[in-house]
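The values are calculated or read from the model by the stated rules, or taken from the named source; none is laboratory data. Quick caveat, the model's predicted, so the values are computed rather than measured. Glycine gets a Cβ as well: all are built from the backbone with ideal geometry, and neighbour counts include every protein chain shown.
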């Protein structure tokens, strides 16, 4: 692959050889390049986990915060400076487990952030426990008798809650993944990209081959504006559909609803407090 | 019936007591303002149960010719609005208390003949006007009348206050207010009550604010333009205040899905160049703790307003305590510096809240403003709030290509850039990191980074605010207090009339000012007064200075100290 402006050069990457993360990293950098984004005007926010190390491998601004808390931090960043492109990235445990509440409310808030979730159906950094998306029966050192809880269907939840952009990709198909990421970043509003990914060390069930055999792309005839149809596809039994399930282009962005941006998009750090107004406010406490 | 004791006073404590939902807050809001506008000094405080209807709540309005700013136990005029009221404030009623209320219905069996009761049939009058809901406005009228507030001014204020309501509701409230005012005139004419508190013409033009507004005004003065919080008593009023003024002052005000989100949003906002705060209490702050550590590691500024209430867990949600000093002091795992302010005066809250933003920005640390329910809910008047003491100092730098977020410097402070301002990249990391902000497991660098973060404590200590000495410098006994007890202890000290006793008040409780130990060592006896059960500030002093405070007056019932209580406890000890 040709060098892109987001390359970090020769760095030590902490992922296992053969990890699906490498493909996601390449797809992301390629997407950012094709979108002609300026590394100085982009922030990648993450929590903790193997996937959450991603921003350290992209030449851009980085906010690597707490486990599960990438979405609130990303929301704060985007709201403080709407001129920035903001991506919140992490794994399935980070985003759907520890950060599950933020995921639900990010959909409601509809801040213009792209939420990329590396979904390998296992906890890798902590060495192989079940994740919220692990399949029933998946055995681990903790889930000794196999997982009994229903896997979290983030796609269905997002569509049910009328998220403004909902897509699923597979890391094995770098080109399509790149295209989906591009669409998600270009979309105004909260965009979920759930990326299925193999974990070579801790998931011997949902392997690269398994994903190859158990996924397929939504047909060209699928209408992403049809929420009912999108929900049907998100909840169908059997193989997992890939592609853009749903879009709602009519939802207002959070930043657009904030009074501070009604008349100006100037980032907060460039603004000045009007001290005269504050004096007027204080003086209003003299009469009533 | 004797009303002689209140006639002599130039300082009257009025208490209204009734159920939640009976409109006691409305009475408080109207009366504090109307009485202030007529030229009286005012302090309003309240205590209430954690419920929306029923129970027993009370509001105290102290009207004085002097500038007093603390709560007293004494009740000079009591207006009980329901049967439970006399039980609720029973301990505070004396034969000198004038009770204005329904003699048979409300006072009834509580009266053994030792109470001074003036029969005012509030509910009957209100029902005649249109419903018992107007009882509170009738009571407002009685008080306004007793204090000889100008009738037209009073009625105009009532009209303005209810201006958002339907025309008939405004009219009925006016009628209720008028009726109350007439009753007061009858009481004055018959000689039943005569109040002669002198007016202080200056106070009519004074500013009247409460603790929550003081924190909010200070935050705006400090350049706050982002608040994300989750509602929790008693901290919510600051979120309400900044939300109400969000449009005027370009403030992003967001109610987050939980406290964890709130503070992580605030850290994101600071990272992108905003000046952000959170407001929270007890358990809400406990949820934020991990992110306090994140602020420590990212070297991110953040301002945390922590309005204390009694814990642990849900505790007493609507009551007061100074019980979270240690929580703030030790919050977050790992080692990193912080600043903790604890305003005693409303004016302090304005100044400290504005300064919190500058210091957070300068030293890239969490700065706490520790208040409590009593402080949040107390109103009083003051001549001015000079903004000249405040001012916004920004420390954000424009980055260049070589920018390193954690560049090692002598004082530990690295220039703070924000993304999108300059040609550099800004990388911050909750992992231990290198100068560029990328993950590292270089253990030598780890040591350097810990030293760098802790070096900032020296800078912070340089800026520490000195404690305020109230009284003479040649004391033999020194009372030590912090935060919201300032006015109460100061007034109690005045009542003691002892030249050898002084009071040292701390509005910055961490780190302590370098003069602290010399103040303590000078005294033969030191008495700490704290609103908690374990003398948390005394322990902090001991840890920081090695000085052990022997005598302590501690209160943790959920109510603030009263002036009388402090006087009595000090008299026992001294």
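Mind listing just one residue for me: the one in the stretch B:257-266 that is at the interface with chain A (Cβ under 7 Å from one of its Cβ atoms) and touching a strand residue (DSSP E or B) at 6+ places or on another chain (Cβ under 6 Å) and, of those, surrounded by the most Cβ atoms within 10 Å (Cβ to Cβ)?
Within the stretch B:257-266, the match that is surrounded by the most Cβ atoms within 10 Å (Cβ to Cβ) is B:265.
Check the stretch B:485-495 and report whether any residue there is touching a strand residue (DSSP E or B) at 6+ places or on another chain (Cβ under 7 Å), away from chain A (no Cβ under 14 Å) and under 28 Å from residue B:337 (Cα atoms).
Looking through the stretch B:485-495, at least one residue is touching a strand residue (DSSP E or B) at 6+ places or on another chain (Cβ under 7 Å), away from chain A (no Cβ under 14 Å) and under 28 Å from residue B:337 (Cα atoms).
Those residues that are assigned to a strand (DSSP E or B) and either out of contact with any strand residue (DSSP E or B) (no Cβ under 7 Å at 6 or more places or on another chain) or within 30 Å of residue B:47 (Cβ to Cβ) (or both), I need them from the stretch B:361-414; list them, please.
Once the filter is applied, which keeps residues that are assigned to a strand (DSSP E or B) and either out of contact with any strand residue (DSSP E or B) (no Cβ under 7 Å at 6 or more places or on another chain) or within 30 Å of residue B:47 (Cβ to Cβ) (or both), the stretch B:361-414 yields B:367, B:368, B:369, B:370, B:371, B:372, B:379, B:380, B:381, B:382.
Do any helices (runs of 4 or more DSSP H) entirely within the stretch B:505-574 hold 2 or more residues that are outside the structural domain of residue B:57 (by TED's automatic domain parsing) and within 25 Å of residue B:43 (Cα to Cα), and if so, which?
Output list reads B:563-573.
Pull up the stretch A:74-84, narrow it to residues that are over 13 Å from the mean Cα position of the chain (by Cα) and assigned to a helix (DSSP H, G or I), then point me to the one that is surrounded by the most Cβ atoms within 10 Å (Cβ to Cβ). Steps first, please.
Quick first cut of the stretch A:74-84, residues over 13 Å from the mean Cα position of the chain (by Cα) only: A:76-84.
When the remaining residues are screened for being assigned to a helix (DSSP H, G or I), the result is A:76-80.
Working: A:76: 33, A:77: 31, A:78: 26, A:79: 30, A:80: 29.
Filtering first and then ranking leaves A:76.
Being at the interface with chain A (Cβ under 9 Å from one of its Cβ atoms) and under 17 Å from residue A:8 (Cβ atoms) is the filter here; which residues of the stretch B:424-437 pass it? If you could, list the steps in order and put the result at the bottom.
If we filter the stretch B:424-437 for residues that are at the interface with chain A (Cβ under 9 Å from one of its Cβ atoms), which is where we start, we get B:424-431, B:433, B:437.
Selection gives B:424, B:425, B:426, B:427, B:428, B:429, B:431, B:433, B:437.
Within the set of pairs 6 or more residues apart or between chains, which connect a residue that is within 9 Å of another protein chain (Cβ to nearest Cβ) inside the stretch A:34-48 to a residue that is surrounded by fewer than 16 Cβ atoms within 10 Å (Cβ to Cβ) and modelled with pLDDT of 95 or more with Cβ atoms less than 8 Å apart?
A:40/B:423; A:41/A:83
For the stretch A:54-68, how many residues are at the interface with chain B (Cβ under 7 Å from one of its Cβ atoms) and in contact with a strand residue (DSSP E or B) (Cβ under 9 Å, 6 or more places away or on another chain)?
Number satisfying all stated conditions: 7.
Can you list the helices (runs of 4 or more DSSP H) lying wholly within the stretch A:203-265 that have 1 or more residues being touching a helix residue (DSSP H, G or I) at 6+ places or on another chain (Cβ under 7 Å)? Break it down into steps so the answer makes sense when it comes.
Values: elements: A:208-213, A:227-235, A:254-257.
Correct list: A:227-235, A:254-257.
Regarding the stretch B:203-212, can at least one residue be identified that is over 19 Å from residue B:44 (Cβ atoms), in contact (Cβ under 8 Å) with a residue 12 or more places away in the chain, under 26 Å from the mean Cα position of the chain (by Cα) and not assigned by TED's automatic domain parsing to the domain that holds residue B:124?
Filtering the stretch B:203-212 for residues over 19 Å from residue B:44 (Cβ atoms) gives none.
No; the residues of the stretch B:203-212 include none that is over 19 Å from residue B:44 (Cβ atoms), in contact (Cβ under 8 Å) with a residue 12 or more places away in the chain, under 26 Å from the mean Cα position of the chain (by Cα) and not assigned by TED's automatic domain parsing to the domain that holds residue B:124.
How many residues are in a helix (DSSP H, G or I) and within 15 Å of residue A:101 (Cβ to Cβ) if we restrict to the stretch B:237-266?
Pass one, the stretch B:237-266, residues in a helix (DSSP H, G or I): B:237-244, B:259-266.
Checking the rest, the ones that are also within 15 Å of residue A:101 (Cβ to Cβ) come to B:259-265.
Residues meeting the conditions: 7.
Considering only residues that are assigned to a strand (DSSP E or B) and in contact (Cβ under 8 Å) with a residue 60 or more places away in the chain, which ones fall in the stretch B:62-99?
Selection gives B:63, B:64, B:77, B:78, B:79, B:80, B:98.
Going by what's in this entry, would residue B:367 be described as within 14 Å of another protein chain (Cβ to nearest Cβ) and in contact (Cβ under 8 Å) with a residue 24 or more places away in the chain? Give the steps one after another, and end with the answer.
Details: within 14 Å of another protein chain (Cβ to nearest Cβ): no; in contact (Cβ under 8 Å) with a residue 24 or more places away in the chain: yes.
Taking the combined requirement at face value, the residue does not satisfy it.
Go through the stretch B:158-193 and report how many residues are part of a loop (DSSP other than H, G, I, E, B) and over 33 Å from the mean Cα position of the chain (by Cα).
Filtering the stretch B:158-193 down to residues part of a loop (DSSP other than H, G, I, E, B) leaves B:162-166, B:190-193.
If we keep only those that are over 33 Å from the mean Cα position of the chain (by Cα) as well, we get B:166, B:190-193.
Selection size over the stretch B:158-193: 5.
Do you know which residues across the stretch A:6-33 are in contact (Cβ under 8 Å) with a residue 40 or more places away in the chain, surrounded by 14 or more Cβ atoms within 10 Å (Cβ to Cβ) and assigned to a loop (DSSP other than H, G, I, E, B)?
Answer for the stretch A:6-33, where residues must be in contact (Cβ under 8 Å) with a residue 40 or more places away in the chain, surrounded by 14 or more Cβ atoms within 10 Å (Cβ to Cβ) and assigned to a loop (DSSP other than H, G, I, E, B): A:6, A:7, A:8, A:13, A:16, A:19.
Tell me, please, whether a residue that is assigned to a helix (DSSP H, G or I), touching a residue at least 40 places away in the same chain (Cβ under 8 Å) and within 35 Å of the chain's Cα centre (by Cα) can be found in the stretch B:108-120.
As a first pass, look at the stretch B:108-120 and keep what is assigned to a helix (DSSP H, G or I): B:108-110.
Within this subset, residues satisfying the condition of being touching a residue at least 40 places away in the same chain (Cβ under 8 Å) are none.
No, the stretch B:108-120 has no match at all.
When the stretch B:300-317 is examined, which residues are found to be crowded, with 21+ Cβ neighbours inside 10 Å and under 27 Å from residue B:53 (Cα atoms)?
Taking the stretch B:300-317 as the starting set, the residues that turn out to be crowded, with 21+ Cβ neighbours inside 10 Å are B:300-310.
Within the stretch B:300-317, B:306, B:307, B:308, B:309, B:310 qualify.
Testing residue B:247 on (1) outside the structural domain of residue B:344 (by TED's automatic domain parsing); (2) without any contact (Cβ under 8 Å) to a residue 24 or more places away in the chain, one condition comes back false. Which one is that?
The one condition residue B:247 does not meet is (1).
Whether any residue in the stretch B:277-286 is crowded, with 24+ Cβ neighbours inside 10 Å, within 14 Å of chain A (Cβ to nearest Cβ), outside any helix (DSSP H, G or I) and under 23 Å from the mean Cα position of the chain (by Cα) is what I want to check.
Yes, some residue in the stretch B:277-286 is crowded, with 24+ Cβ neighbours inside 10 Å, within 14 Å of chain A (Cβ to nearest Cβ), outside any helix (DSSP H, G or I) and under 23 Å from the mean Cα position of the chain (by Cα).
Would you mind telling me which numbered condition in (1) within 28 Å of residue A:269 (Cα to Cα); (2) facing another protein chain (nearest Cβ under 7 Å) residue A:87 fails?
The single condition residue A:87 does not satisfy is (2).
Please find, among B:149, B:142, the residue that is under 19 Å from residue B:183 (Cβ atoms) and touching a strand residue (DSSP E or B) at 6+ places or on another chain (Cβ under 8 Å).
Testing whether each residue is under 19 Å from residue B:183 (Cβ atoms) and touching a strand residue (DSSP E or B) at 6+ places or on another chain (Cβ under 8 Å) leaves just B:142.
Looking at this structure, is residue B:385 modelled with pLDDT under 95, within 14 Å of chain A (Cβ to nearest Cβ) and under 30 Å from residue B:201 (Cα atoms)?
The answer is yes for residue B:385.
So, in the stretch B:220-235, how many residues would count as being more than 10 Å from chain A (Cβ to nearest Cβ) and crowded, with 21+ Cβ neighbours inside 10 Å?
Result for the stretch B:220-235: 5.
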